[in-house]
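Visitor: First the structure, then my questions, so here it is.
Quick note: the coordinates plus some simple rules give every number you see, no bench work behind them. These numbers were taken from a predicted model, which means no experiment stands behind them. No Cβ is skipped: glycine too gets one built from the backbone with ideal geometry, and neighbour counts run over all protein chains shown.
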């Protein structure tokens, strides 16, 4: 494990109009960035439900990016401001849950900003790589005594039942 | 209202009238001015042209001296105000500079968090914080019949100008309208007084001073009101030289706006340090405000 | 029943295959992803052969879902949706995933790119299984159109539509149509008389059988959506009966109350308390200015009422709100002049002979207050010298960052008029000359020849503070001539400030009513700055003229006509298809908490007080999904982007991420 | 011979016991329950031993009302046992359903919890001068004594065993219990996996006047006395009624107190807290990131406690993240 480089898995929620097109542009311009990000298209950053972000972390993502049009330039007038507000709330909550600040990022990228988006992805990947794996589901595991203890109870009860009444 | 107070060197000597009248007016308006303990030079214009870090460090020391319970500092002198405000802004805008300045301050056991103290100019404090309503309540002797030319100069309105129009400031105009004076709307009120040109090239400096005096005379002002020791010095002390240079006969009293404001607020003229100006303002005041009892010549 | 998914991985020549092992991805997908029945790779999926392959598979393998792993959906989503439709599969059951722009082209490591491609395909497959068939919705288009704003752009749009045989309502706020153009004297660069070319169009509007003209009226409320808008318009009380008045003008002549005309005459002339803004006004029905009228202010007079031959004066008239139904709306609300007193260093409002450009238009207008004579404020003296200052309030970060586009040419026009009508010297103080349309540069050259003096530099101040006897009594323009590199003082008699064009003060408010957004500068935002310049983000709403951004008369006319053409396209088609990617509220689940009510910039969510539930007006919904994400009860569904679909996509994209904590076998 | 009465079991795991009281709060109707069912196991009220349950054939209990989350090995054992023995296992009350208040301890691990409870300086320390801690195994002369192992993470019932029905509430309201039990008696149960109750939110039952929402400042309950007519949320109070399943009759808003969300979310909602956060942040009335942050920080200092008061253990993240290098506290 220690001899392989940690390759974080990052999920990106990109809005259809600006940031997804910025990612398209990055491709067309052959700008390179790490393959760690997997992009999910939504119509607007305002569609990004905090549930999605939490779900990504709960399913093993090491980092999440939410990207939208620049404030004031939203295709849907001002819905990216709602994304901004949700992000602020989510960050606050996730800090309390022990998530490092650098694992979740909100990025504004216009359809012309392929380069900027690529850089933001690169930065996020680098930052998450530095933090190491998140592996949230591992937080739920109990230590090995759990199974042993239940079996103990089962065994004790079985033994007790064998005592003639 | 309580603010830290930075008098600066001019207000201790040649512009003592500004200091005396500022304190007197502040007292009436209910502004508590708490003078900085052990303040030092603001660096005038020279420090900044020599070395930015040194200048900032010297000036920031004053900011660091502002008591922890105060968050505003008022400096009546225009140069002091600008230097203090500029240093704070530089430290806020340039994090690295802020760190370096604080390293310098640390040598003296001091520390300053950029942006902690809001540096204010005196006119703005009176105009904005005290405000029209309060000021009008405190008028004892309206300045009816007196024609005044507010003169702003440069450093209070440029480059940092939070509340007034930097090209054509109006706060002092409004203030003296509230106080009952006739304010002349003369076009050179934010033009240059010549500054240190008096030391470098007298003819040029005299021409600049002449333009200001000429315009005030043209608009039939009785006196020019200053908010900067440098402006007051140039217009007042060099008026005689200007007259002989241009063969003119200016006899325009140049006083600090706080002095005249003091009269309107009913402060004894003696307590406003009249008579230190070279072109005596008292005869005009006596004539216009009908007031032997107002101003003793 | 389990879905039958087909996966199609495109090589795109070597564009994808060069960095992603597409054969491997396809082979793996066929085995690893549940419900996949076909997984193929192909050189060019978008080729007709590629499409044919998909179509055949749909029929032969009875596919119920299709994933195409190729390029950006912005490029070929339509292609593959069509292919699916050809084979009888609802186009919304096809999902594209972007292996080219988002994977092969941006990656450098073949292994990593292939792994990423697998995750993207897995995500798309999980998503597509939950996609639902959707159908675009047809809506009938009402052939009547509303034009808001009766300047030249609105007039043009109105006439185009009316001449084509369609009914138009033209709403104008002031008592007459005509707009700013009616105030101008000449138009650049041809120097046609503005009134001569405008007034025929105005009267055409006034007389057109297809036009209902609603002047002195305001747009109050817009509801409904493309094809079927309901609009409330408030007709302000004119106090003159529209039907009885013949426009004879006796009332105006006899009205004893004279007031300064700040609107049409820009404060330079007078009008009566009962007035039409100008003699050629359309309609010629006057209005009473109740704030000035002696009867309304002091309860005396009634001269107009007594002398009106048709008893058309009605002091008791009230504002009236009417409701109309239209299919499309063209907004052409124009602009406002920058308040030049905001630049006190130029002395406007303080120095008598400093004029704004609109004042000067009136000053040199033959029908204006000086009968076209260029005179100073005293009304007698001709100026010996005139300074024209460009970019007053425009190209200025403190006021309007943008360029007002017309002032260079208007300044040249003024220069020409001054040179033509007086013996004065004319200076132009400019930052850059921008005569950038047909025959504009030639006009500039003409003015150079005519002797207009051009000084490149921004003016520092305009003052009356003379320094030399030669400056006494003059306005001195202080500016740096940047071509000479010198500060200069120019004593002149008259100064004209070329004030910036600004959005109407209530542009944002009107935009909100209709669902048009404003740029940072306050101009209405078009759907696309290059390719869709008169449409807006709200279907059925179009913009024309300066309200969309500063422009000159020809450009405004062109936009007016363009907007009309777009509307005619809609009318001719008869129905519009509405995208099915919209939100909907399950009324059973909605508890009427009203969280969503305020979230829609298109006003697509309405609240039913009676039932206590919120509802999405499908035709207004743009499908952004913000309300879907915000609904605390999970009662709003976003078609094609619903929670199940996106959650499945997340699950698929993370198929290889840390597995869930292993549950040990039960011990009991 | 008359038809045998259906067999009923009740059990209490990690919870406060309020749910047990709630069963009794059906008042005299309890007699109907007693008459209709054969109560085979109910440690609080009926004398039956675990051993008796163990002896029952699998699936012989018709309905088991299980309240409380799973915090110890013993509770897990009981959950597994009752699952095996019962035809219908009902997660009864918020603790079994969503983890409830005990689930908020998922912001800490066992070590931190024990420190709070047993360490020097803690409230209970005077009773525990030697700083003793419960150990799973203690050797005494007679042999080894066992205590249940205390887990790091509290789990909900369905994170431990399969659950057939959920009866929400902290505790479930008497009339809802009765309705559920009646449904069981009459065999009119909803499809397995359902939450028994309505599928609207508390707003549906709340008579307050609601308007479009814009929030400039969140208040904590002690900061203001809210107007009794208008929506509490519009007054800046963190009312969870917008996201909380109806069924209680809007009890809390009726006494001028904001809903705290004990019934959990509606059907199809995966994460109660995420829904609350999304809804509330959407209506914050600001477009300035700094102001937004200030509004949130000043008004909602404890977002997890505010939005996941009842549902942290059932949320997608379930607990505070434990870094890989954190000592998984062994109890040896």
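Visitor: Going highest first, how would you order D:267-273, D:180-186, D:318-324 by mean Cβ packing within 10 Å? Walk me through the numbers on the way to the answer.
Guide: On the way: D:267-273: 21.4, D:180-186: 17.1, D:318-324: 18.7.
The packing order, highest mean first, is D:267-273, D:318-324, D:180-186.
Visitor: Show log10 I(q)/I(0) for the protein assembly as shown at q = 0.04, 0.09 Å⁻¹, two decimals, from a solvent-free Debye sum over equal Cα scatterers.
Guide: Those come out to -0.38, -1.35, one per q.
Visitor: If you wrap a convex hull around the alpha carbons of the range C:101-159, what volume per residue comes out, as a whole number of Å³?
Guide: That works out to 185 Å³ per residue.
Visitor: Using packing as a proxy for protection, rank C:59-65, B:44-50 so that the peptide with the highest average count of other Cβ atoms within 10 Å comes first.
Guide: Working: C:59-65: 16.7, B:44-50: 14.1.
Result, highest mean Cβ count within 10 Å first: C:59-65, B:44-50.
Visitor: Over all residues in D:102-110, what is the mean tally of Cβ atoms on other chains that come within 10 Å of each residue's Cβ?
Guide: The per-residue average across the peptide is 1.
Visitor: Please figure out what share of the DSSP beta bridges in chain C is antiparallel and state it in percent, rounded to the nearest 5. Provide the component values of the computation, followed by the final result.
Guide: Values: 52 of 100 bridges.
Here the share of antiparallel DSSP bridges comes out near 50 percent.
Visitor: Turning to a different aspect of this structure: What's the Kirkwood radius of the range C:336-502 in Å, using all Cα pairs? Kindly include the intermediate steps, with their values, before the conclusion.
Guide: Working: mean 1/r = 0.0628 Å⁻¹.
Radius from the Kirkwood sum: 15.9 Å.
Visitor: Can I ask one more? Just the number, please: percent antiparallel of the DSSP beta bridges in the range C:336-502, rounded to the nearest 5.
Guide: 45 percent
Visitor: Label 7 Å along Cα→Cβ of residue D:255; the range D:216-242 residues with amide nitrogen under 16 Å?
Guide: Within reach of a label on residue D:255, which here means backbone N under 16 Å from a point 7 Å along Cα→Cβ, the range D:216-242 contributes D:221-222, D:226.
Visitor: Can you give the convex hull volume per residue for the Cα atoms of chain B, as a whole number of Å³?
Guide: Details: hull volume 35.1 nm³, N = 297.
In chain B, the Cα hull volume divided by residue count equals 118 Å³.
Visitor: Still on this structure, please answer the following. So, in Å, what gap is there between the alpha-carbon centers of the range A:1-76 and the range C:22-80?
Guide: Each part reduced to its Cα centre gives a spacing of 24 Å.
Visitor: Direction-averaged shadow area of the convex hull around the Cα atoms of the range A:99-165, nm²?
Guide: If you wrap the Cα atoms of the range A:99-165 in a convex hull and average its projections, you get 7.6 nm².
Visitor: Moving on to the next point. Which whole number gives the average count of other chain Cβ atoms within 10 Å of the Cβ atoms across peptide C:274-280?
Guide: Average neighbour count from other chains, rounded to a whole number: 0.
Visitor: Something else now. If R₀ is 22 angstrom, what is the calculated FRET efficiency for the pair residue B:268 and residue B:237, using the beta carbon separation as r and rounding to 0.05?
Guide: 0.30
Visitor: Could you check how many percent of all C-alpha pairs in chain A are farther apart than 28 Å?
Guide: 34 percent
Visitor: Now for a different question. Could you give the angle, 0 to 90 degrees to the nearest 10, between helix C:73-86's Cα long axis and the longest principal axis of the Cα atoms of chain C?
Guide: Its long axis makes an angle of about 60 degrees.
Visitor: In addition: Return, ordered by residue number, the residues of the range C:234-272 whose backbone nitrogen is under 14 Å from a label point located 7 Å along Cα→Cβ of residue C:319.
Guide: In the range C:234-272, the label zone of residue C:319 (backbone N under 14 Å from the point 7 Å along Cα→Cβ) covers C:234-239.
Visitor: Take each of the peptides C:17-29, C:492-504, B:198-210, average the number of other beta-carbon atoms within 10 Å over its residues, and list them starting from the highest.
Guide: Taking the mean over residues of other Cβ atoms within 10 Å, the ranking is C:492-504, C:17-29, B:198-210.
Visitor: Which order results if C:42, C:169 are arranged by neighbouring Cβ count within 10 Å, fewest first? If you can, show how the numbers build up before the last one.
Guide: Details: C:42 19, C:169 22.
By the 10 Å Cβ count, ascending, the order reads C:42, C:169.
Visitor: When chain B is treated as a GNM, springs tying every alpha-carbon pair under 10 Å, which of B:194, B:180, B:109 comes out with the largest mean-square fluctuation?
Guide: B:109
Visitor: On to the next question. Within the protein assembly as shown, what percent of beta bridges assigned by DSSP are antiparallel, to the nearest 5?
Guide: Expressed as a percentage, antiparallel bridges in the protein assembly as shown total about 40.
Visitor: Points 7 angstrom from Cα along the Cβ direction at residue B:248 and residue A:127: gap in nanometres?
Guide: Placing both labels 7 Å beyond Cα along the Cβ direction yields 6.2 nm.
Visitor: If all Cα-Cα distances of the range C:363-444 are sorted into 5 Å bins from 0 onward, what percent lands in each bin, rounded to whole numbers?
Guide: Spelled out per bin, shortest first, that is 3, 14, 21, 21, 18, 14, 8, 2.
Visitor: Going by Cα centres, the range C:457-483 and the range D:251-279 are how many Å apart?
Guide: 70 Å
Visitor: Ok, one more. For the range C:225-244 and the range A:97-165, what is the separation of their C-alpha centers, rounded to whole Å?
Guide: Centre-to-centre distance over Cα atoms comes out at 64 Å.
Visitor: Here is a follow-up. With angles folded into 0 to 90 degrees, how steeply does helix C:407-421 sit against the dominant principal axis of chain C? Use alpha carbons for both and round to 10.
Guide: That works out to roughly 20 degrees.
Visitor: On a 0 to 90° scale, report how tilted helix C:553-573 is relative to the longest principal axis of chain C, with both axes built from alpha carbons and the result rounded to the nearest 10.
Guide: Around 40 degrees separate the two axes.
Visitor: Let me ask another. Comparing D:280, D:104, D:147, which has the greatest mean-square fluctuation in the GNM of chain D with Cα pairs linked when under 10 Å apart?
Guide: Evaluated over chain D, the most mobile residue of the options is D:147.
Visitor: Bins of 10 Å, beginning at zero and ending with the bin holding the largest distance: percent of Cα pairs per bin for the range B:140-289, please.
Guide: 12, 43, 35, 10, 0
Visitor: Kirkwood hydrodynamic radius, the range B:2-121, all distinct C-alpha pairs: what's the number in Å?
Guide: Over the range B:2-121, the inverse of the mean reciprocal pair distance is 14.4 Å.
Visitor: Sticking with this structure for a sec: Order of C:329, C:605 from fewest to most other C-beta atoms within 10 Å?
Guide: On the way: C:329 27, C:605 22.
Ascending number of Cβ neighbours within 10 Å: C:605, C:329.
Visitor: If only Cα atoms are counted, what is the Rg of chain D, and what is its Dmax, in Å?
Guide: 22.1, 76
Visitor: May I pose another question? Using Cα springs under 10 Å in a Gaussian network model of chain A, which residue among A:123, A:91, A:138 shows the largest mean-square fluctuation?
Guide: Looking only at A:123, A:91, A:138, the biggest GNM fluctuation is shown by A:138.
Visitor: Using the Cα atoms of the range B:1-40 to build a convex hull, what is its mean projected area in square nanometres?
Guide: 2.6 nm²
Visitor: Something else: Equivalent-ellipsoid semi-axes (√(5λ), Cα gyration tensor) for chain C, whole Å, largest first?
Guide: Working: eigenvalues 744, 223, 97 Å².
Each semi-axis is the square root of five times an eigenvalue, giving 61, 33, 22 Å.
Visitor: Taking other Cβ within 10 Å of each residue's Cβ, how do C:172, A:130 sort, fewest first?
Guide: Working: C:172 26, A:130 11.
The fewest-first ordering by Cβ neighbours comes to A:130, C:172.
Visitor: Right, next: Percent of Cα-Cα pairs more than 21 Å apart in the range D:202-301, please.
Guide: 32 percent
Visitor: Additional query: Based on DSSP H runs of at least 4 residues, each adding -39500 (n - 2.57), what is the mean residue ellipticity at 222 nm of the protein assembly as shown after dividing by all its residues, to the nearest 500 deg cm²/dmol? Mind dumping the intermediate values first?
Guide: Details: 46 runs with 478 residues, N = 1462.
Dividing the helical sum by the residues of the protein assembly as shown leaves -9500 deg cm²/dmol.
Visitor: Counting only other chains, and only Cβ atoms inside 10 Å, what mean value do you get across the residues of A:94-101?
Guide: Rounded to a whole number, the mean comes out at 5.
Visitor: Separate question: Grab the alpha carbons of the range D:1-101, take their convex hull, and tell me the volume per residue in Å³. List each step's numbers first, then the result.
Guide: Details: hull volume 10.0 nm³, N = 101.
Expressed per residue, the convex hull around the Cα atoms of the range D:1-101 is 99 Å³.
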